[in-house]
Structure formats: C-alpha cells, structure tokens
Amino acid sequence: MGRCPACGQTHCFNGYLSVVPACVACGAPLGNFRADDAPPYFTIFIVGHIIVGLMFWVDSAYKPDLWVHAAIWLPFSLVLTLALLRPVKGATLGLMLKLGMAKSDDE
C-alpha cells in the first residue's frame, strides 16, 4: 500500500522508490533505513521463480517457438518486476524497522 511500516497512516515513499525522511504521522525515521540492493535482489528472486515456472509449463504444454517465448516472457518479466519492486522495498523497510537496522550517524 506504500504506507508507513510503523503506523500505517501516511505514505512512506516520495515518488516511485525514494523514501521519505520521516513519517509525518508517527515520526518514524524511515530515511535512516538503507535497503540498498536487498529489494532488487528479492524482486529478481521472486520474478525469476514465477517466470521460469510458467515458462517451463507453457513450453511443455504448448511447445511454442522461441520468438513466442521472447514475445511473452520479456514484457511480462518487466511488468512483474516493476509491479513488485515498490511493495518489496516497503516490506524490506518494514523488516528493517522491526529489526532496528537504522544507519548510525557516523556512517
């Protein structure tokens, strides 16, 4: 939903993936949580498992040509990746908030 993982009242993103410095409602320091490469890694992992499973199923059931596979799976992979990246980043922020993994001031 894109809401603050601490209170669930307001948004936690400024735009598509940039995180607000702090929650307006509860003051949670969301800008101190650096997810870095974890959300793309988790997204690639999820999308890869979905796409490869479906690709094997379609190939064994229908035996399409290689160009048909490319026409189906490349756009589907892109759309699924873009659709999952923001929720996965929000979930990662929520997990980091729960575990107390904020960056320190000396970094």
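The values are calculated or read from the model by the stated rules, or taken from the named source; none is laboratory data. What you see is a predicted model, and the numbers here were worked out from it, not measured in a lab. Counting neighbours? That spans all protein chains shown, and the Cβs are built from the backbone with ideal geometry, glycine included.
A few notes on this one:
- Members of segment 18-34 that are in contact with a Lys or Arg (Cβ under 6 Å, 6 or more places away or on another chain) and part of a loop (DSSP other than H, G, I, E, B): 34
Residues checked against (1) part of a helix (DSSP H, G or I); (2) more than 17 Å from residue 19 (Cα to Cα); (3) at pLDDT 95 or above; (4) of a type in the set (S, T, N, Q):
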residue	(1), (2), (3), (4)
36	no, no, no, no
42	yes, yes, yes, no
53	yes, yes, yes, no
69	yes, yes, yes, no
73	yes, yes, yes, no
85	yes, no, yes, no
88	yes, no, yes, no
96	yes, no, no, no
106	no, yes, no, no
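- Residue in segment 84-107 that is within 17 Å of residue 2 (Cα to Cα) and loosely packed, with under 14 Cβ neighbours inside 10 Å present: yes
- Verdict on residue 50 being within 10 Å of the chain's Cα centre (by Cα) and either surrounded by 13 or more Cβ atoms within 10 Å (Cβ to Cβ) or aromatic (Phe, Trp, Tyr) (or both): no
- Restricting attention to segment 13-46, the residues being touching a Cys at 6+ places or on another chain (Cβ under 7 Å) and either loosely packed, with under 12 Cβ neighbours inside 10 Å or more than 12 Å from residue 96 (Cβ to Cβ) (or both) number 4.
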